[in-house]
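The values are calculated or read from the model by the stated rules, or taken from the named source; none is laboratory data. Computed from a predicted structure; not experimentally measured. Positions of Cβ are generated from backbone atoms using ideal geometry, with glycine treated the same way; all protein chains shown enter the neighbour counts. Note: accessible area is taken over every heavy atom of the protein model, side chains too, but ligands, DNA and RNA are not part of it. Shrake-Rupley method; radii C 1.70, N 1.55, O 1.52, S 1.80 Å.
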Protein chains: 2
Amino acid sequence: MDSSILNKYKPGVRFNSTGQAEIVLWAPEVQKAEVVVSGRDETISLTRQELGYWTATTDKIKPGDLYKFRLNGEKELSDPVSLSLPEGVHGPSKAVKPDDFVWSDGNWYNHPLDEYILYEIHTGTFTSEGTFASIEEKLDYLKELGITAIELMPVAQFPGERNWGYDGVAPFAVQNSYGGPEGLQHLVNACHRKNIAVILDVVYNHLGPEGNYLPEFGPYFTSKYNTPWGNAVNFDDEYSYGVRQYFIENALMWFRDFHIDALRLDAVHAIKDFSPTHILREIRMELDKLMSETGRKHYLIVELDLNDNRFINPLEKGGYGMDAQWIDEFHHALRVTAGEEQTGYYSDFHGITHLAKAYQDAYVYDGQFSEHRKKFFGIKADENPAGQFIVFSQNHDQVGNRMCGERINRLLSFEMKKLVAASVLLSPYLPMLFMGEEWVEPNPFLYFVSHTDPQLAESVREGRKEEFADFHEQGEAPDPVSEKTFLQSKLQWHLPGQEPHSTVLNYYKKLISLRKTHPVLKNAGRKEMRVSSDQTTETLVLQRWYENSMVVCLMNFSEKEQQIMIPEIK
Amino acid sequence: MDSSILNKYKPGVRFNSTGQAEIVLWAPEVQKAEVVVSGRDETISLTRQELGYWTATTDKIKPGDLYKFRLNGEKELSDPVSLSLPEGVHGPSKAVKPDDFVWSDGNWYNHPLDEYILYEIHTGTFTSEGTFASIEEKLDYLKELGITAIELMPVAQFPGERNWGYDGVAPFAVQNSYGGPEGLQHLVNACHRKNIAVILDVVYNHLGPEGNYLPEFGPYFTSKYNTPWGNAVNFDDEYSYGVRQYFIENALMWFRDFHIDALRLDAVHAIKDFSPTHILREIRMELDKLMSETGRKHYLIVELDLNDNRFINPLEKGGYGMDAQWIDEFHHALRVTAGEEQTGYYSDFHGITHLAKAYQDAYVYDGQFSEHRKKFFGIKADENPAGQFIVFSQNHDQVGNRMCGERINRLLSFEMKKLVAASVLLSPYLPMLFMGEEWVEPNPFLYFVSHTDPQLAESVREGRKEEFADFHEQGEAPDPVSEKTFLQSKLQWHLPGQEPHSTVLNYYKKLISLRKTHPVLKNAGRKEMRVSSDQTTETLVLQRWYENSMVVCLMNFSEKEQQIMIPEIK
């Protein structure tokens, strides 16, 4: 029996062509499993099959019904693969038929990845309503701005209504307060009609601390590996086949049922998998199959803190076949160059020479000793094209992990803000903006949660205080549990029409337009580039060329006028 | 600063050409480090260098001197890279100059790996003396038997005088009671003069529970990963550069200073390393450099419980470049076919069809579901040649991990013993014998330790009892701490001259000779082979061919006469 047998069992409640529900549950260590439909006196017995799967085909459950699984005749729990949790993480699952959505994006074809200009959105704070529907109202604005892809921070159901999304506990369920699964489908459809791709941030390395009922169903976690969030997700231990299937199906679902164009996989360095086939590689292989069936194109982008191009190398080179990765090191080098204090992880970055190295080599550390990491770090990624790297001057983490959540524009002079924006948008790598940066939104993006477990809420509050104890003189860390912290983090949509915001917005539009239309900026890769920097004058020259055209970017990070020599290119 | 800087610092006490001692210590988190020479009032101060290295060049220590490091002016500890611990694991290090040994193996050139016929030896129980010197006295016997390589179970210093070797705590020190480093050099030299290669078993996945002082010097272990022995050796966390250097230098030392021909790396599946370059791959790369400098040939063999040919695939295919691996699955399939009860890990093996699969595919599980492991296990290894796999009908583990340490011959009929021996020696894989099997030694090979920490000794004793609680009716588990258990495990060298032992010995000699001389047995690989089996008659036909010759092995594992059809080969 090889793993193709798993194709017989796709966990979840699906409705077949005759309208019957086909229920599959994976619960390898329970003795009895039933479905309990809310509000009716219905109990559906599941039959144990091989490998710990339980199944039933039944008329007793219909789309829209609320249900739970009852395990061993006792505990009643929502479905691990529920698509909707209308009453939150502790409530019942709602049976959903995702095919019911009527798509009208038939003319959409995903952009080439090289043409992605990303725009990171936190649904809850992007608009005052904080919903998918309200994002749709901003699509014309985004289209005019020129970005080609929005990236949604995680939308998997989390406790309460305020969360960055990384505390999600139901990877298949779309946050009810954002608009649920139908709301997400509607948004993606609308984006595609505006020629905008949609990237979804998904978290396969941990689950949140409240409402994670997966361990009741099976060994989803293993004590073999420890991560910052405790036991690692079980990708290679006993019973890992069910867990691997779970996350592979999750990835495929977004592409297939939600028409998502790319996934951004959170912190894949915390995915611990010594299997012969790494789970990311297997997701790649399964996605390739799906793409060849549908003819659609989808991308896999990873957040990776390893400087290890095994993740982005193609399958045939033994890589995991991810299309692209974030490079935080570009950000760190840029920020230090722009004046950020060299503390914490910034301590490894020494300004303009490192920024030049980031342009040249993508990885700043590709074998050197890192004082911060206390080891030699990284390998060379010379052969990986520019389109495999995503760069930014800020993102949710880099902003929100500051005590006061200041966006970069709160920290820099007006001229430096412009320079930093250009550094990203004129780079050969794929640029990403963080929502609102294009009009230098003054509101912070703070860390906020709305755990319903009061003890947990208190411990997050205390943890946050402790984390920033050294910054006491700068004031108290805002209370992450308070609704005020969330509300303070919202964008102010009246600002882009006011000065100085509108000037900056126009500047961003020009830069983006230039990137999309100039033959060099549009086409030149990593090999058609030369970077030189001068530590004394704090200047950097970025030369890029394509065929007979050349672009020379002169960047002066000092606060004075400087003379810059433009090196000759042979 | 890249990792080539580490070449400046090779930990240990070395004597340069002027006779001065060059002392290097890696202790990145201590504030002060000195050397204290025993019996003299000498204290040598070490100077802190970069990356946590401490150095001194001095006349105050000579070969033969006993010394310890004093850390922070307090604790006195033996050298982590000491080559000799004449007073045991808790005593001082002895300064050794390994170059002083006068080698006379200049005519030796390592056998091609394909010609290895391995013979596993536990130094302490191989002879009544239990020393390297006494192994030398048996070399003529071994040469006559026909084996081409001896494999020494680990010789790194362990607590006391009785241990399998896997409780070693000083990876660079050769067990004093076996004869210390000079004794090992003398043995290897003698082997080479008899045209016998020497494989050394080394343990890089854990250290023993008594006398492990490494954590006092630096973060040699990490809590990121858990292994059966607790925290994993730190190959990828903070400070891992020092730990990686430690084990790389260890591997190179055996080849360079002891002329060891191959290492057998214990349980490499328990080495947890997510670095861009896996430590095994790095050892391979460093060994390749050494080999190109010396012109000598050395092999890396791994014990691997993963059925993952990434370990043995060449570097250019993204593999770790190990030359060969043990396949326990051949053993398990063979043992079940020969009548072993299908319990524990044997429960995954179903007799003759699995034995046929082991011949054909090396890995029995190459993607199938394993009930014992509770997951789909293994990948295909079709392209790996036969010479990359080591097979056996017993080894120290398979014998010693039984409650009463019975060798296979205590469990099988006389005819079955012969069949089992032939199954191994006529296979296309590299065969390994366990010392004494060739004369069906009746003494057991038991589990024994001689920890000097009484609490630890007691807990090992209790653990062993518990492990075999289910076998109560077969008697008590022998006391692992008792010297009697050790003495009972010794080979009885008067037996090979007596019947029925001498008949079996002659049979082994004939089989080995056949393997070495017959054109098919000598040359045919995995592709020139066909295996068929019949579950009903319990028979297996192994056909191997080379050029115009063919060998047909008819194996009847039933207790009756059987008719066997020889399939036609096209």
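The table for this structure:
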| read-out | value |
| --- | --- |
| Count of segment B:261-299 residues which are of a type in the set (Gly, Ala, Ser) and more than 20 Å from B:Gln388 (Cβ to Cβ) | 4 |
| Residues (touching a residue at least 12 places away in the same chain (Cβ under 8 Å) and either surrounded by fewer than 22 Cβ atoms within 10 Å (Cβ to Cβ) or away from every other protein chain (no Cβ under 14 Å) (or both)) located in segment A:221-235 | A:Phe221, A:Thr222, A:Lys224, A:Thr227, A:Pro228, A:Trp229, A:Gly230, A:Val233 |
| In segment A:272-291, the residues that are surrounded by 18 or more Cβ atoms within 10 Å (Cβ to Cβ) and either away from chain B (no Cβ under 14 Å) or of a type in the set (Asp, Glu) (or both) | A:Asp273, A:Glu282, A:Ile283, A:Arg284, A:Leu287 |
| Residue that is farthest from the other protein chains (Cβ to nearest Cβ), among those in segment B:330-347 that are open to solvent by 10 Å² or more (accessible area, probe 1.4 Å) and under 19 Å from B:Phe376 (Cβ atoms) | B:His332 |
| Every pair of residues 6+ apart whose Cβ atoms lie under 6 Å, when the first sits in segment A:1-16 and is within 13 Å of chain B (Cβ to nearest Cβ) and of a type in the set (D, E, K, R) while the second is surrounded by 13 or more Cβ atoms within 10 Å (Cβ to Cβ) and in a strand (DSSP E or B) | A:Asp2/B:Gln368 |
| Residue within segment A:247-254 that is modelled with pLDDT of 95 or more and within 14 Å of chain B (Cβ to nearest Cβ) present | yes |
| Pick from segment B:370-400, criterion in a helix (DSSP H, G or I) and of a type in the set (A, V, I, L, M), ranking: farthest from the other protein chains (Cβ to nearest Cβ) | B:Val399 |
| Residues located in segment A:313-325, provided they are in a loop (DSSP other than H, G, I, E, B) and over 30 Å from B:Tyr363 (Cα atoms) | A:Asp323 |
| So B:Leu495, is it on the phi < 0 side of the Ramachandran plot, among the hydrophobic types (A, V, I, L, M, F, W, C) and open to solvent by 60 Å² or more (accessible area, probe 1.4 Å) | no |
| Identity of the residue in segment B:93-116, under 19 Å from B:His259 (Cα atoms) and aliphatic (A, V, I, L, M), that ends up most open to solvent (accessible area, probe 1.4 Å) | B:Val102 |
| Selection status of A:Gln535, open to solvent by 70 Å² or more (accessible area, probe 1.4 Å) and of a type in the set (S, T, N, Q) | yes |
| Residues (within 35 Å of the chain's Cα centre (by Cα) and either more than 18 Å from B:Lys68 (Cβ to Cβ) or open to solvent by 50 Å² or more (accessible area, probe 1.4 Å) (or both)) located in segment B:21-48 | B:Glu22, B:Pro28, B:Glu29, B:Ser38 |
| A:Val188 in a helix (DSSP H, G or I), in the same structural domain as A:Leu142 (by TED's automatic domain parsing) and crowded, with 23+ Cβ neighbours inside 10 Å | yes |
| Residue in segment A:170-189 that is within 14 Å of chain B (Cβ to nearest Cβ) and either touching a residue at least 24 places away in the same chain (Cβ under 8 Å) or within 18 Å of the chain's Cα centre (by Cα) (or both) present | no |
| Test: B:Asn409 is crowded, with 21+ Cβ neighbours inside 10 Å and modelled with pLDDT under 95 | yes |
| Qualifying residue in segment A:256-271 (condition: more than 10 Å from chain B (Cβ to nearest Cβ), in contact with a strand residue (DSSP E or B) (Cβ under 9 Å, 6 or more places away or on another chain), of a type in the set (Phe, Trp, Tyr) and crowded, with 23+ Cβ neighbours inside 10 Å) | no |
| Yes/no for B:Tyr239 being out of contact with any helix residue (DSSP H, G or I) (no Cβ under 8 Å at 6 or more places or on another chain), open to solvent by 10 Å² or more (accessible area, probe 1.4 Å), modelled with pLDDT of 95 or more and among the hydroxyl-bearing types (Ser, Thr, Tyr) | no |
| Enumeration of residues in segment A:128-163 that are open to solvent by 10 Å² or more (accessible area, probe 1.4 Å) and aromatic (Phe, Trp, Tyr) | A:Tyr141 |
| Meets criteria (open to solvent by 10 Å² or more (accessible area, probe 1.4 Å) and either within 14 Å of chain B (Cβ to nearest Cβ) or farther than 18 Å from A:Val541 by Cβ (or both)) for A:Lys418 | no |
| Test result for A:His90, part of a loop (DSSP other than H, G, I, E, B), farther than 19 Å from A:Phe445 by Cα, at pLDDT 95 or above and open to solvent by 30 Å² or more (accessible area, probe 1.4 Å) | yes |
| Selection from segment A:292-303 of residues that are surrounded by fewer than 22 Cβ atoms within 10 Å (Cβ to Cβ) and free of Cβ contacts under 8 Å to residues at least 60 places away in the same chain | A:Ser292, A:Glu293, A:Thr294, A:Gly295, A:Glu303 |
| Residue in segment B:300-310 that is more than 20 Å from A:Thr277 (Cβ to Cβ) and within 11 Å of chain A (Cβ to nearest Cβ) present | no |
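Listed here are the residues, each with its yes/no results for (1) of a type in the set (Ser, Thr, Tyr); (2) closer than 25 Å to B:Lys417 by Cα.
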| site | (1), (2) |
| --- | --- |
| B:Pro276 | no, no |
| B:Glu293 | no, no |
| B:Tyr299 | yes, no |
| B:Lys317 | no, no |
| B:Arg335 | no, yes |
| B:Glu340 | no, yes |
